[in-house]
Amino acid sequence: MKWAVRRMTAHDIKAVLALEQQIPEAPHWTLSDYERCVTNSSESLQRTGFVAEAKGNLLGFCIGKLVAGIGELESIAVISKAEGQGIGRALLQALAAWAQAGGAARLELEVRATNVRAIRFYERSGFRRESLRAAYYQAPEEDAVLMGKSLKSVGNFPEKRIAIRPPEC
Ligand SMILES: CC(C)(COP(=O)(O)OP(=O)(O)OC[C@H]1O[C@@H](n2cnc3c(N)ncnc32)[C@H](O)[C@@H]1OP(=O)(O)O)[C@@H](O)C(=O)NCCC(=O)NCCS
């Protein structure tokens, strides 16, 4: 399947919401949460999202923010039929490149301690486990694993498949 990663826009939000609702492990946000990601920005907090699509169909997305020189991955999900094709990694690389272009030296994230699949994916993408935050998640209550990586080693990503514009939201 030929797919490409591009910046999320307001037109993607309904499809992103429908996709994350199919994926239990993904953070579940409201329509207005997503709208804020593509429309709101300030000097102290920038947010953006990226989507992966093939022939106009959404395959995955990620959302991240940049605060005080640190990038944070807030959400990432790929539909099950498209997993294992490098889409998650390409989304992560797009976010890392965006954060790095905005001055971030690190990318951080929190993940449920039982989400072993995502933790392995992050480790394969260069993140290291750094600490645990007890009972951070509710319903069900669960610890968060805090992971991070330096962005000095982001490296190049396949330019033909990924279009990145400078930070703007
Ligand atoms: C985690 C997730 C985003 C990975 O997306 P993906 O497109 O399948 O991942 P990729 O194909 O880009 O894989 C990238 C690397 O992670 C590894 N990886 C992916 N899933 C893995 C798994 N289940 N177990 C072990 N390694 C895994 C791949 O082997 C690959 O490493 P390699 O290239 O060095 O071999 C996807 O499985 C998902 O959407 N999960 C549900 C939502 C979720 O848990 N989100 C995280 C919480 S916010």
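Structure notes:
- Residue pairs whose Cβ atoms lie under 7 Å apart, sitting 6 or more positions apart in sequence or on different chains, and linking a residue in segment 113-126 that is within 11 Å of LEU92 (Cβ to Cβ) to a partner that is among the charged types (D, E, K, R) and more than 6 Å from the ligand (Cβ to nearest atom), are GLY126/LYS149.
- Residue count for segment 64-82, restricted to those that are of a type in the set (Gly, Ala, Ser) and either crowded, with 18+ Cβ neighbours inside 10 Å or touching a His at 6+ places or on another chain (Cβ under 8 Å) (or both): 5
- Elements of type strands (runs of 3 or more DSSP E) in segment 83-158, at least 2 residues being surrounded by fewer than 13 Cβ atoms within 10 Å (Cβ to Cβ) and not aromatic (Phe, Trp, Tyr): 128-137
- Among the residues of segment 59-77, those identified as farther than 15 Å from ARG36 by Cα and of a type in the set (A, V, I, L, M) are LEU59, VAL67, ALA68, ILE70, LEU73, ILE76, ALA77.
- Evaluating ALA52 against the criteria (1) farther than 17 Å from TYR122 by Cβ; (2) among the hydrophobic types (A, V, I, L, M, F, W, C); (3) more than 9 Å from the ligand (Cβ to nearest atom) leaves one unmet condition, (3).
- Scan segment 67-89 for residues that are in contact (Cβ under 8 Å) with a residue 12 or more places away in the chain, among the charged types (D, E, K, R) and more than 9 Å from the ligand (Cβ to nearest atom) and the total you get is 1.
- Condition check for GLY64: at pLDDT below 95 and more than 9 Å from the ligand (Cβ to nearest atom): no
- Residues that are within 18 Å of ARG47 (Cβ to Cβ), within 15 Å of the ligand (Cβ to nearest atom) and touching a residue at least 40 places away in the same chain (Cβ under 8 Å), drawn from segment 94-112: ALA94, LEU95, ALA96, LEU107, GLU108
- Of the residues making up segment 70-82, just one is in a helix (DSSP H, G or I) and of a type in the set (A, V, I, L, M, F, W, C), namely ALA82.
The values are calculated or read from the model by the stated rules, or taken from the named source; none is laboratory data. This structure is a prediction, so every number in the text was calculated from the model and none was measured. When we count neighbours, we look across all protein chains shown, and the Cβ atoms used for this are built from the backbone with ideal geometry, even at glycine.
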